[in-house]
Amino acid sequence: MFRSRAKDEKAQDADKAPVNFSKQPRDPQAPKGRPTPKRSQAQSQRRSVANTSMTRKEAAKRQREERRTAMERQRQALASGDERYLPARDKGPVRRFARDFVDSRFNIAEFFLPMAVVILVLSMVRVASLQNIALLLWLVVIVLIVLDSFVTSFRLKKQLNERFPGENKRGAVAYALMRSLQMRRLRLPKPQVKRGERP
């Protein structure tokens, strides 16, 4: 009854203003542009949001399923060499070339485990001459592996610098040397090139 005309005009402007549900922050001094919902409406909206949200148990179950799916996809990628789902340490053209470089040649280090078993058996036999042979074989194997690793790293560095001049090659040589220590059939990701084939 005794309201000022200015307040009436502001109220009419607020009623006419278009409803805006944008997520952008609003100036606190600016008019809201929509009517305040009644308490019963606000409570019903809050209840519906609370009912649609998952319980802690359901969220954990969904997370486990997603993790299981991701691990299965990664396992298949390691077997097939699919770049999209490989672990971060195996991704990229530099790492792929390092794998192919190692897989395309014979590495003395890959025979380390079988030779170690033979040497261990020889050293357990209680014959002095066989134990001396086992010790000598052990030294020869270690020297050959060190020399082979040195040659592999030198050649791989050279090839990487030629093929990938602008890319990050950090850790690629160590990655290749670790792969060369594994037996070919046990390597993951599975070898994609044959021995003697140029990567």
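Here are a few things to note about the model shown:
- The range 156-185 - residue that is in a helix (DSSP H, G or I), charged (D, E, K, R) and free of Cβ contacts under 8 Å to residues at least 12 places away in the same chain and, of those, nearest to GLY92 (Cα to Cα): GLU162
- Residues considered: ALA88, ALA70, ALA128, ALA79. Of these, the only one that is within 27 Å of the chain's Cα centre (by Cα) and farther than 23 Å from ARG179 by Cβ is ALA70.
- Among the candidates ALA77, ALA109, ALA116, the residue that is more than 22 Å from ARG163 (Cβ to Cβ), part of a helix (DSSP H, G or I), in contact with a Ser or Thr (Cβ under 6 Å, 6 or more places away or on another chain) and open to solvent by less than 40 Å² (accessible area, probe 1.4 Å) is uniquely ALA109.
- Residue count, the range 119-140 (criterion: open to solvent by less than 80 Å² (accessible area, probe 1.4 Å) and either assigned to a helix (DSSP H, G or I) or of a type in the set (Phe, Trp, Tyr) (or both)): 10
- Test: residue in the range 99-111 that is farther than 29 Å from ARG75 by Cα and either modelled with pLDDT under 90 or touching an Asp or Glu at 6+ places or on another chain (Cβ under 7 Å) (or both): no
The values are calculated or read from the model by the stated rules, or taken from the named source; none is laboratory data. Given the structure is predicted, the values throughout are model-derived calculations rather than measurements. When we count neighbours, we look across all protein chains shown, and the Cβ atoms used for this are built from the backbone with ideal geometry, even at glycine. Surface areas here come from the heavy atoms of the whole protein model, side chains and all, with no ligands, DNA or RNA. Shrake-Rupley method; radii C 1.70, N 1.55, O 1.52, S 1.80 Å.
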